[in-house]
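The values are calculated or read from the model by the stated rules, or taken from the named source; none is laboratory data. All of these numbers come straight from a predicted model, not from anything done at the bench. Positions of Cβ are backbone-derived with ideal geometry, glycine not excepted, and every protein chain shown enters the neighbour counts.
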Amino acid sequence: MSSILFEVRNHVAVITLNRPEKLNSFNREMALQLQRVLDECNSKEVRSVYITGAAKGFCAGQDLAEVVADDAPGFNQILAEHYNPIVIRLRNLARPVIAAVNGVAAGAGANLALCCDIVVAAESASFIQAFSKIGLIPDTAGTYFLPRLVGMQKAAALMMLGEKVSAAEAEKMGMIYKVLPDADFASASFQLAETVARMPTKALAYIKHLLTESAENTLEQQLEMEDQYQQKAAGTKDYGEGVLAFIEKRSPSFTGE
Ligand code: LHQ
């Protein structure tokens, strides 16, 4: 059985982390496969990406059995070849990426979710910056995204204490977008991915890029970028359709062009 399941459904690329007996923790094979399928998400057919975990967990981070094995990859190799290329692919992908956190997300698994554009979690899901509990530091861009999401105080405490945070607490502190009921989590979270897949894909990609850049830009630089990207958005077919549909008092039919 493949450690990553991949299919495109209704223009949504569905990626399932699939090592359920190890809470979908990452080994080298799974990390490299995830990179391969993220590359496939650049296709025109794909208009949103949906990442979830098989069975009860989302992802328990690094498979710790792999790091203590005789032929264990070195730490530098794990970051440089496994996690960092995944983060870069997720951030550079010109598509909205939805993380549907169906269960526990720990270590690199938690930070993988936080790299995504919209994070929803089942009410029974939880987030753990588990690294400090084994004497490590948070990687997979956790030290970049978490303080930007929840502020320095919360980030420091969560990372130093390694405490479990419920989905409800994560929503309250702004770590994630929304908690959804357990009962129909898979269908409700997938509907969200379908909704964004029907939106003007290029405008959404520009929004993602602008938000990424805003982390480092001055106000003046950001205003300049908004000017530039608003012109790009106005040049898309979807903008034409959006305005026409409004004038004609009908629902727009966006194509992603
Ligand atoms: C696991 C794992 C796991 C293997 C559950 N590995 N089997 C980067 C640089 C280089 C090296 C190191 O790592 C990194 C990045 C990182 O991600 S470091 C952080 C690594 N992750 C963790 O420290 C989390 C470890 N897991 C846990 O603390 C718990 O499993 C959590 C809190 C996630 C879930 O607890 P439970 O719901 O009670 O489940 P469980 O512990 O019973 O796990 C179920 C099974 O999954 C169990 O196997 P078993 O054969 O006993 O049923 C676990 O051994 C296995 N599993 N996480 N990371």
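Brief remarks follow.
- Among the residues of the range 33-53, none qualifies, meaning not one is within 19 Å of Ala141 (Cβ to Cβ), within 18 Å of the chain's Cα centre (by Cα), within 9 Å of the ligand (Cβ to nearest atom) and not hydroxyl-bearing (Ser, Thr, Tyr).
- Taken together, the criteria place Ile15 among residues that are free of Cβ contacts under 8 Å to residues at least 40 places away in the same chain, closer than 24 Å to Ala170 by Cβ, more than 16 Å from the ligand (Cβ to nearest atom) and buried (at least 17 other Cβ atoms within 10 Å of the Cβ).
- Within the range 214-225, the residues that satisfy the criterion of being charged (D, E, K, R) and either farther than 24 Å from Val97 by Cα or surrounded by 14 or more Cβ atoms within 10 Å (Cβ to Cβ) (or both) are Glu220, Glu224.
- Taking the range 102-136 as the range and being surrounded by 21 or more Cβ atoms within 10 Å (Cβ to Cβ) and within 19 Å of Cys41 (Cβ to Cβ) as the test, the residues that pass are Leu112, Ala113, Leu114, Cys115, Cys116, Asp117, Val119, Val120.
- From Gln62, Gln33, residue being in contact with a Phe, Trp or Tyr (Cβ under 9 Å, 6 or more places away or on another chain) and either modelled with pLDDT under 95 or more than 28 Å from Leu158 (Cα to Cα) (or both): Gln33
- The set of residues in the range 212-240 that are closer than 24 Å to Val49 by Cα and either of a type in the set (Asp, Glu) or touching a residue at least 60 places away in the same chain (Cβ under 8 Å) (or both) comprises Thr212, Glu213, Ala215, Asp238.
- Residue, surrounded by the most Cβ atoms within 10 Å (Cβ to Cβ), within the range 18-32, restricted to residues that are away from the ligand (no atom under 12 Å from the Cβ) and of a type outside the set (A, V, I, L, M, F, W, C): Asn18
- Across the range 216-242, the number of residues qualifying as in a helix (DSSP H, G or I) and under 14 Å from Ala203 (Cα atoms) comes to 16.
- Condition check for Phe254: crowded, with 17+ Cβ neighbours inside 10 Å, outside any helix (DSSP H, G or I) and modelled with pLDDT of 95 or more: yes
Each row is one residue, and each column tells you yes or no for (1) more than 16 Å from the ligand (Cβ to nearest atom); (2) of a type outside the set (A, V, I, L, M, F, W, C); (3) touching a strand residue (DSSP E or B) at 6+ places or on another chain (Cβ under 9 Å).
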residue: Pro85; (1), (2), (3): no, yes, no
residue: Ala113; (1), (2), (3): no, no, yes
residue: Glu123; (1), (2), (3): no, yes, yes
residue: Val165; (1), (2), (3): no, no, yes
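- The lone criterion from (1) among the hydroxyl-bearing types (Ser, Thr, Tyr); (2) surrounded by 13 or more Cβ atoms within 10 Å (Cβ to Cβ); (3) more than 19 Å from the chain's Cα centre (by Cα) left unmet by Thr201 is number (3).
- Residue tally, condition at pLDDT 95 or above and near the ligand (Cβ under 8 Å from one of its atoms), over the range 68-81: 2
- Of all residues in the range 137-162, those being within 15 Å of the ligand (Cβ to nearest atom), on the phi < 0 side of the Ramachandran plot, surrounded by 16 or more Cβ atoms within 10 Å (Cβ to Cβ) and over 18 Å from the mean Cα position of the chain (by Cα) number 2.
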